[in-house]
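Chemist: Take this structure first; my questions come after.
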Amino acid sequence: MSERSESKHAAALAALGPHTTGVGCLYIKDLEKVDLDALRPILQDVLSWTESGGDEYAQITGLN
């Protein structure tokens, strides 16, 4: 995940459970140990961001 996304989702990531992050990625180590209520808002936000085409830092193309 980007630094910007990590800071935006800091509270949810702290509550998530075992995970690591990389550039643009969230790696879940054990899905059974993940708090799905913490994961859900992260995924919803990223989906909305992607469907809107990104932002000034990254443009999403080819979503037709």
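Chemist: Give me the accessible area per residue for the range 1-54, probe 1.4 Å, as a whole number in Å².
Modeler: Numbers: 3700 Å² over 54 residues.
Normalised by residue count, the accessible surface of the range 1-54 is 69 Å².
Chemist: Now, a different point. Solvent-accessible area of E6, probe 1.4 Å, all protein chains present, reported in Å² to the nearest ten, please.
Modeler: 60
The values are calculated or read from the model by the stated rules, or taken from the named source; none is laboratory data. Not measured: the values here are computed from a predicted model. Calculation scope for accessible area: heavy atoms of the full protein, side chains included, ligands and nucleic acids excluded. Shrake-Rupley method; radii C 1.70, N 1.55, O 1.52, S 1.80 Å.
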